[in-house]
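Reading through the structure tokens given below for one structure.
The values are calculated or read from the model by the stated rules, or taken from the named source; none is laboratory data. Fair warning: this is a prediction, and the values are worked out from it, not measured in the lab. Cβ placement follows ideal geometry from the backbone for every residue including glycine, while neighbour counts extend to all protein chains displayed. Note: areas computed on protein heavy atoms with side chains; ligands, DNA, RNA excluded. Shrake-Rupley method; radii C 1.70, N 1.55, O 1.52, S 1.80 Å.
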Amino acid sequence: MVTACDVFVIGGGPGGTTAGALLAERGYRVVIAEKDRHPRFHIGESLLPANLPLLERLGVGEAVRAIGMVKWGVEFLSPWHTKARQEFLFADAWNKDMPYAYHVPRADFDAILFRNAAAKGADTREDCRVLEVVFSEDGSGARIRARNADGGIEDFAARFVIDASGRDTFLGRRLHTKRRNPRHNSSALYGHFQGATRNDGREEGHISLFWFEHGWFWFIPLANGVTSVGAVVWPHYLKTRTQSVGDFFKETLALCPPLAERLADAKLVTEVQATGNFSYGCERSYGANHLLVGDAFSFIDPVFSSGVMLAMHGGFLAADAADACLTRPERAPRALRAYDRALRQGLRTYAWFIYRVNHPSMRDLFMGPRNILRMQEALLSVLAGDIFADTPVWGSLAAFKALYYLHALGHLRRSVRTLWQRRLLRRRSADAAVAVETE
């Protein structure tokens, strides 16, 4: 027996459920296969203001508000600056219509999106692990083999496949197109704490980003009293670990006194997770009858909390592209190329900042912002995720980039020293990344 469908989606996270829900709304037979069972633990709890219109379009805005901690802004904390804290409010961005976002428990958030896709008509499968995808030589579709919750094997025949498998990068691995990102190799340690000290008032929901010697920390307060805390570091630093992951995480937290102070009376309520090879990308985002969405295509770094927004926006783009391929095959190549361009535009916008976020000149500009030529408003638009609409931020962003390069040239000796250190770290981290990934 073979189950026929129009679109088979691998993965039940934000990208896959967004695309699946939109396509099911349009009358397509959609199957979404999620290898785990919702709710399941996941990091990436901080949404951007640009997420909110997408949630409303999907019809889940009210459900997400019910589980969310309101996030009005972000604070950067640096041990290298006289003014150790700098606050940014989304209300000060170019577009004043998106003044806030939410932090959400990802287990609950992803479950809401998954159930919503089912309510819109998608055939949603949990505990369903995809084993194999074989594309037809004529580009007419694919055969998918999956193992269901009861252990039974089921075959599917789909006209189109959307890979939204996240860090599993199902098609990227099997088509041998996944590559580590040599420009930004990073690893992460993270866990959830109960009883962490938070900011007061409206600032309670601020996401806090702490720079420290080996990278940076996130501090994300959730509405249920739990706080997500993580460290993004060079893989070679993670390889210096000689004790348990939990003890190593505690020692790493102690390297940032302001963060350690906030966690002095907190209790770790989850196991500490360690993730290697955090930054990667696939060479291609599409084929004749398939697309890669969100982390299944590329992931750089969580510093600007862009992952969920890019995945969901990619889900909207994927639904349009798949619809074009299925209804107007003669326009499929153009639709797929347009999808690829839009996907890469978002990644490039964030990548430029992410590659430089630990550079001393970038830290100086973040810790001493100026709104010359509306540069600060444009930067806040990036932090808000407002990069796909018609907000005219690009000229001001170009001015900010020019200012960054001028600032780096003005501190040439420091910049050269930083460049030399980064190249050394990249070489050491490249050697360590393989070992970290397999642990």
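Can you name the helices (runs of 4 or more DSSP H) wholly within segment 43-148 that have at least 3 residues being under 27 Å from CYS325 (Cα atoms)?
Filter on segment 43-148 gives 51-58, 106-119.
Restricting to segment 362-410, count the residues that are over 21 Å from TYR102 (Cα atoms), assigned to a loop (DSSP other than H, G, I, E, B) and β-branched (Val, Ile, Thr).
2
Evaluate the following for ASN371: is it in contact with a helix residue (DSSP H, G or I) (Cβ under 7 Å, 6 or more places away or on another chain), more than 30 Å from SER136 (Cα to Cα) and either open to solvent by 20 Å² or more (accessible area, probe 1.4 Å) or at pLDDT 95 or above (or both)? Explain how you work it out, then say what you get.
Details: in contact with a helix residue (DSSP H, G or I) (Cβ under 7 Å, 6 or more places away or on another chain): yes; more than 30 Å from SER136 (Cα to Cα): yes; either open to solvent by 20 Å² or more (accessible area, probe 1.4 Å) or at pLDDT 95 or above (or both): yes.
Spelling it out, ASN371 is indeed in contact with a helix residue (DSSP H, G or I) (Cβ under 7 Å, 6 or more places away or on another chain), more than 30 Å from SER136 (Cα to Cα) and either open to solvent by 20 Å² or more (accessible area, probe 1.4 Å) or at pLDDT 95 or above (or both).
Please determine, by comparing only the residues of segment 408-431 that are open to solvent by less than 100 Å² (accessible area, probe 1.4 Å) and within 25 Å of the chain's Cα centre (by Cα), which one is modelled with the lowest pLDDT.
Top of the filtered list is SER429.
Name the residue, out of ALA164, ALA188, that is out of contact with any Cys (no Cβ under 8 Å at 6 or more places or on another chain), open to solvent by 10 Å² or more (accessible area, probe 1.4 Å) and closer than 23 Å to PHE304 by Cα.
Selected residue: ALA164, the only one of ALA164, ALA188 that is out of contact with any Cys (no Cβ under 8 Å at 6 or more places or on another chain), open to solvent by 10 Å² or more (accessible area, probe 1.4 Å) and closer than 23 Å to PHE304 by Cα.
Could you list all residues from segment 281-314 that are closer than 27 Å to PHE193 by Cα, part of a loop (DSSP other than H, G, I, E, B) and of a type in the set (Asp, Glu)?
Within segment 281-314, just ASP301 meets the criteria.
Tell me the residue from ALA158, ALA101, ALA91 that is open to solvent by less than 40 Å² (accessible area, probe 1.4 Å), aliphatic (A, V, I, L, M) and closer than 30 Å to TRP216 by Cα, please.
Result: ALA101 is the single residue among ALA158, ALA101, ALA91 that is open to solvent by less than 40 Å² (accessible area, probe 1.4 Å), aliphatic (A, V, I, L, M) and closer than 30 Å to TRP216 by Cα.
Which numbered condition in (1) without any contact (Cβ under 8 Å) to a residue 60 or more places away in the chain; (2) not in a loop (DSSP other than H, G, I, E, B) is the only one that ALA322 fails?
(1)
List pairs: first residue in segment 75-88 and surrounded by fewer than 14 Cβ atoms within 10 Å (Cβ to Cβ), second residue basic (Lys, Arg) anywhere in the structure, Cβ distance under 9 angstrom, at least six positions apart or on different chains.
TRP80/ARG363
For segment 336-361, enumerate the residues that are buried (at least 16 other Cβ atoms within 10 Å of the Cβ) and either without any contact (Cβ under 8 Å) to a residue 12 or more places away in the chain or among the basic types (Lys, Arg) (or both).
Matches in segment 336-361: ARG356 only.
Which strands (runs of 3 or more DSSP E) sit wholly inside segment 197-280 and have at least 3 residues that are among the small types (Gly, Ala, Ser) and open to solvent by less than 20 Å² (accessible area, probe 1.4 Å)? Walk me through how you get there before you give the answer.
Values: elements: 207-212, 215-221, 226-233, 273-275.
Those strands (runs of 3 or more DSSP E) span 226-233.
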